[in-house]
Every structure is written in C-alpha cells, then in structure tokens.
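As structure tokens, the structure follows; a few thoughts come after it.
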C-alpha cells in the first residue's frame, strides 16, 4: 500500500471527520498569523504583482483550509488600503494528496466568495480564483516560476514514506520493534534512518519549490519539531504505547505492529537549518520555535472543561488525523478500541511526561538567480 | 434552490453514476478529435509556449474527463517529435460546478501520471500539472491572460438559470405549461425567453474567456444545437412528456411540473454566430455541425444490441445527466418510475419522430488587442 493512498485526514463532515476535529491545527495557524502577515506584506511590497499566486501545501479539508487564503486576502487588503494601491487579483492553489476530500472544500467555495463580496465589496468581485492541486509535495506540483508565495502548516513532518531501512521484510540493520515512530525505546539506528529519510524528503521539497517559486518569492512553513532528534515528544509515541498494550492482550498480532512504521519525523531546528543550507535555493530569513502543551489549545478555547472532556477532544482530534493510515494497516475494527484506550490514559501520560507540541516556523526567500 | 447547487452529473462510480454512463459524451469527444488536433497544432506552432496552459470547462467526472488532456498531450507529443522540439510542460485546469465529483477525478490522477510516464517516457516526467478549478463558467474562473487554450464539450447548452420570465411565481407573460424546456407545444414567448437567456449567458461566457485567454489563444467548443430555434429535437422534451404522463396519473402534482423549467437551450448555428460577432472578442475560425441519431453511439459501440438493450442504455445515460436536477425538484422517490417509463417508450418515440443530437463545433481565436 502506497503512503500516498492512505495518508490523509478523515474526510466528510461526520463526528470523526477532520473538518470537525481540527482545532489544534486552527490554533497553530492563528499563532503563526503575525509571521504570515510579515511575509506577505514584505513579498507584496517588493514585487507588486498584478496577480498574486500562492499555494497552500497540505491544505487538508475543513474550516482551516480556506482560513489561510482568507487571512492573506485580509493582509493584502489592509496593505493596499494603507498604500492606496488597487488590490491585486489572487490565484490560490490548495494542495493535498489525491485522497484528500476536495469535494467538501469546493462545495464551500460559493459561500466563501459570497462572504468575500459582502465583507470586501466590489473591488474583489471576480478577482479571487481558488483551484485544487492534488499531488504529493515531494514532487513537482506546478510549472516553473509560477508562484509568489507558498504556505504549509503541519504537513512536512509527514514523510514521503517510512525509511525503507526499517521493517522486518527487508531484514535490514535497523528495527523499531514495538514502536510506530521515533520513540524513547527506539535504537540509535532508527533515529538515523528516520533522520536520513527526512533529509532526503525535505531537500526534495525545497528543490521542487525552488523551481516553482519566482526569484524573491517566499515560503512560510510551520511543522512539528522536536528538541533533540532522539526526543519523541509526539502524540504518535503514545499511540504506539496503546497499540503495544493491545498486542500484549492478543488483540493485535505482534507481527502486525512490528511491520508498521509511521512516515512521520519531527525534526530539530538544527536539522532543518542544515537541509536548507545544503540544498541552497532558499535563504532562511527567520526561524522560530514555540511550544504548546498537548491540551493547551483546548484549555484556551474553553477553560471550564474537565480532564475527561479534554481527553475526549484530544482523542477525537488525533483520530481525525491518524485513522486512515492506522486503519489501512491494523483494520478499521480495532479503531474504536484503540482511541478509547487513548482517551482513557492520555492525560495521565501527559502528567507523567512533559508532553508538548514543538512547533517550528520558518520564513524562507528564494534566492535571486 | 440555485441552479449551481443542483446542476451536476451523478457522482461516484455506482450503476447510475455519470462515470459509468457517459459513452454518448465520449463518442462526441472522439468525433471532435480531428478538430481538437487542428486547433492545438495551430496554436502551439504559432505561440511555442514553454508551458501550455489549458482549461476544460464542464469537465464532469468520469473516463471522459482526462481523455481530453490525454488527447492534447498526444497531439503535442507528435507535433514536437515531428518538429524536433522539446515538448512544453502542460498545466491543465479541469473546471466544473462545485457540486461535481472532483474527488473521483483526483483519485485517478496517480494512475494517469503513471501511464503518461510509461507511454511517453522521461521527457514528460513532472511536466504535466493537473488542477481542479471549481466554479460557474458564467463568471470568471482564472486570472487575466493566463490560458492558451480552452476546451468545452457538451456544457454550454446548460444555462446559468432558466429564463426568469417563465414560471408561475413571477406572473410574467410567458408560461411553458406542461413542458420542461423548449418543446413542440411551447409558445413563441417561451422560445424567445430561452433564446434571450442563452444570448446573455453565451455573451458572458465569451467575455469572461476573453479576459482569461492570451491574445491569439484558442477555444474549441462543442455544444448541443438545433436546426431551428423552435425545434426541440432534444432528449429533454421526451423527459417532459414522461413527467406529463405522471402528472395525468396523479403521481406528480401539476403545479410541480408547471414550476419547473430546465436551464437548457440548444441554439442554432445562426444564434451562436450572432452572439460571437456581437460580443466581438473572438474570431470564429470554423463552425461545423454533425447529427447523430439518439442511439447511434450505442449501435456503433455494439451493433448486436437489440432495441430493449439500447433503450436501457439511453435511459441510464440520460439519468446520469438529469437525475440531480430533476430529483432536487420532483423528489428522489419518483426517479425510478420516471426513467422506467423513459426506457419503455423511448425507442418508439424515436421511430415516430426524427430524434437526433445536433452537435455544433466551434473553433475560435481570441483577437489580438
């Protein structure tokens, strides 16, 4: 099974859908807003394009998907009013893998355009063009030199595939027995294999974007990171613990767990910088890190929720992201049990360990030729 | 209910889906192939763009959707081999209303790209970019001057809405009692109202495309037409007869039928020419008409099918196109009955009347400024 076919958020608008369970991602996007503003204003003022062409890579499908486009329109609108310029037109490409639920995004476009007309008036009428660009961002998505700005939030920590050195089938050196990603009990070889896969993938990502972005164009990338490369600190280690529990109870075959490695790597700031420098097409203008407790975004939205309610939300949010790829390997029928266990124990685990999302935000400029 | 929300083909891949019942449209596309070839070769040789940017308007979702892009790649490939040029990259925008099933198209892209690599080799690797551009083509879909070629097959006979002069609610002059589109029993006012709506819509279509297409760029439009403007000769008149039958049997309320007018108009060649000339942005290079008996494409595909089998195919094909808009007005529960009646009687009707699809093919060039 190819990663591209199973790596997507839960579609639709049902109770387990990503559309209804993506407040973590929304919180992160809103925290990165000021940096988005900076990037867009600097870019726009330097280039003054008649039509600003942007792409959101790993857009997924839900209320967050169009929020980035809306935010960019707001920033451009303010800037043009301040400078007394006529606003440019905007072409926005929403990208995700072909299995993403694009229908749900497209059906929401008429009301998005209506709101735009209502809020911004006639100047924007027929000047905002939104298209879907399905495909892997570890490959070319657009023609040469056709984008001014690329945005991506919480996407590039997903690798093109798990490192091929892992797994029992190849009989290779490294094995990540009992874990589904880099975890505290992973061997050094495992870190190494994941890190190498990340380096290859991120370099390819940069090379493809370098071809697609005009000289002087920008990227703003937010990704999940870590403090040290052998520092798990991700939700997925905890999912792995629950899967182990189910193996020990005979609910999942041991071999099934051993042969599963998540295509996921949370890089450190040093690792990210190293790849950007080695690849050489972009200048890293700014790199910032901010941490968030696993349940901080829930407390922030509603400070009255008790532990049980917070745990239920975390479990639903992580299910919306992880279910398609986990179910494709372990089967749909164990999902309820898995996420029930997750919900029961997640807050206890958080209290015993310092569980945080480490977010890395990078602002990059394509070098002039 | 807005037309844009209910005017789309049956989605998915089920037995009533457009994807599985669109051989009529495929036949028409294949008959227009030589004209597509002419247009693309003339365009490419005149412009030699590094990246050929095209759009297919009203692409729908099914095996036909990507066949036009594949055909264009074949034509360009042959031309470049003949001229010993390196092939250009290609950006293709697939357009339909936001209710179209884009997911099904996007999921088929990986195998489309794989076949392209297999058949054309490395030169095309990472040079073909397919995007979805949802929206009504009676409005702007793309930024200024960004397309070289626009293709549309069997789409522009669908109007932006039924003429507002019709219907009982407005109490306007014209009424199209008992019919769902221009039919033999329609009053002259009805022809007039539909014709006016077509003229407004087609002029708007041309104006929008004129902004989007580069000077010298091309369009190839295939649409359902008619011999005279009061000549029904369309499948929809027959659907209307069956609905009338159901009214007379008390299965549909008379008022329900009276308040329904299909946003559909099959123009004559004179009407089409008049709008193109009046709008003024395009030169009509060629206009051709070809007729096909309603079941010709079925006989052509399999000459052994008897009448019952042919009628069943016609009924399924027309259901795949008409069900969403008919069901939104008359209710899902009468659809089986309606298309059963259709299937029972369609061949008899064809023998009594000369039932043909009149297809108009137009090749247009955007005037140089």
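Coordinate-derived values only; no laboratory data. On a predicted model such as this, the values are computed, not experimentally measured, just so you know. Glycine also receives a Cβ, built like all others from the backbone with ideal geometry; neighbour counts cover every protein chain displayed.
Compute the FRET efficiency between residue B:278 and residue B:329 as 1/(1 + (r/R0)^6), taking r as their Cβ-Cβ distance and R0 = 41 Å, and round to the nearest 0.05. Write down the numbers at each step before the final one.
Details: r = 33 Å, r/R0 = 0.81.
Computed FRET efficiency for residue B:278 and residue B:329: 0.80.
Between the helical axis of B:65-83 and the dominant principal axis of chain B, each derived from Cα atoms, what acute angle in degrees is found, rounded to the nearest 10?
In chain B, helix B:65-83 runs at an angle near 30 degrees to the longest axis.
Between copies, how far does the label point of residue A:188 sit from its twins, in nm, shortest first, when each point is 7 Å from Cα along Cα→Cβ?
Values, ascending and in nm: 9.5.
Along Cα-to-Cβ, 7 Å out, sits the label point; list in nm, shortest first, how far the one on residue A:302 is from those in the other copies.
Going from nearest to farthest copy, the values are 5.6 nm.
Calculate how steeply helix A:23-47 sits against the longest principal axis of the alpha-carbon atoms of chain A, using the helix alpha-carbon long axis, and give the answer as 0 to 90 degrees to the nearest 10.
For helix A:23-47, the angle is close to 30 degrees.
Let a ≥ b ≥ c be the square roots of the eigenvalues of the Cα gyration tensor of segment B:77-147; is it rounded (a/c under 1.5), or, if not, prolate (a/b larger than b/c) or oblate?
Working: a/c = 3.42, a/b = 1.53, b/c = 2.24.
Oblate, because a/c is 1.5 or more while a/b does not exceed b/c.
Over all residues in B:87-96, what is the mean tally of Cβ atoms on other chains that come within 10 Å of each residue's Cβ?
Across B:87-96, the average partner-chain Cβ count within 10 Å equals 2.
Over 10 Å intervals from 0, what percent of Cα-Cα pairs in the protein assembly as shown sits in each interval?
Reading upward from the zero bin: 3, 13, 22, 23, 18, 13, 7, 1, 0.
Please say if segment A:16-94 is rounded, prolate or oblate, where rounded means a/c under 1.5 for a ≥ b ≥ c the square roots of the C-alpha gyration tensor eigenvalues, and otherwise the choice is prolate for a/b larger than b/c and oblate otherwise? Each step should come with its number before you reach the end.
On the way: a/c = 2.68, a/b = 2.00, b/c = 1.34.
Prolate shape, in that a/c is at least 1.5 and a/b is the bigger ratio.
Hey, how many Å between the Cα centroid of segment A:223-241 and the Cα centroid of segment B:289-334?
56 Å
Cβ neighbours within 10 Å, averaged per peptide: list B:50-60, A:243-253, A:26-36 in order, most packed at the top. Write down the numbers at each step before the final one.
Details: B:50-60: 22.3, A:243-253: 14.8, A:26-36: 17.0.
Result, highest mean first: B:50-60, A:26-36, A:243-253.
Averaged across B:142-148, how many Cβ atoms of other chains sit within 10 Å of each residue's Cβ atom?
Shielding by partners across B:142-148 averages 4.
Determine the percent antiparallel among the DSSP beta bridges restricted to chain B, to the nearest 5.
Details: 20 of 42 bridges.
In chain B, DSSP labels about 50 percent of beta bridges as antiparallel.
Need one value for A:46-53: mean number of C-beta atoms belonging to other chains within 10 Å of its residues' C-beta atoms. Provide the component values of the computation, followed by the final result.
On the way: counts 0, 0, 0, 0, 3, 5, 1, 2.
Mean inter-chain Cβ contacts per residue within 10 Å come to 1.
How would you classify segment A:210-369 from its alpha-carbon gyration tensor, with a ≥ b ≥ c the square roots of the eigenvalues: rounded for a/c under 1.5, else prolate if a/b is greater than b/c, otherwise oblate?
prolate
For chain B, find the longest principal axis of its Cα atoms and tell me its angle to the long axis of helix B:188-212, 0 to 90°, nearest 10.
20 degrees
Relative contact order of chain A: what whole-number percent is it, with Cα pairs under 8 angstrom and at least 6 residues apart?
Relative contact order here is 22 percent.
For residue A:254, go 7 angstrom from Cα along the Cα-to-Cβ vector, then report the distances to that same point in the other copies in nm, smallest first.
8.0
Using only the alpha carbons of chain A, determine the length spanned along each of the three principal axes and report them from longest to shortest in whole angstroms.
67, 46, 34
Please give the FRET efficiency for residue A:35 paired with residue B:369, using the beta carbon to beta carbon distance and R0 = 41 Å, rounded to the nearest 0.05.
0.50
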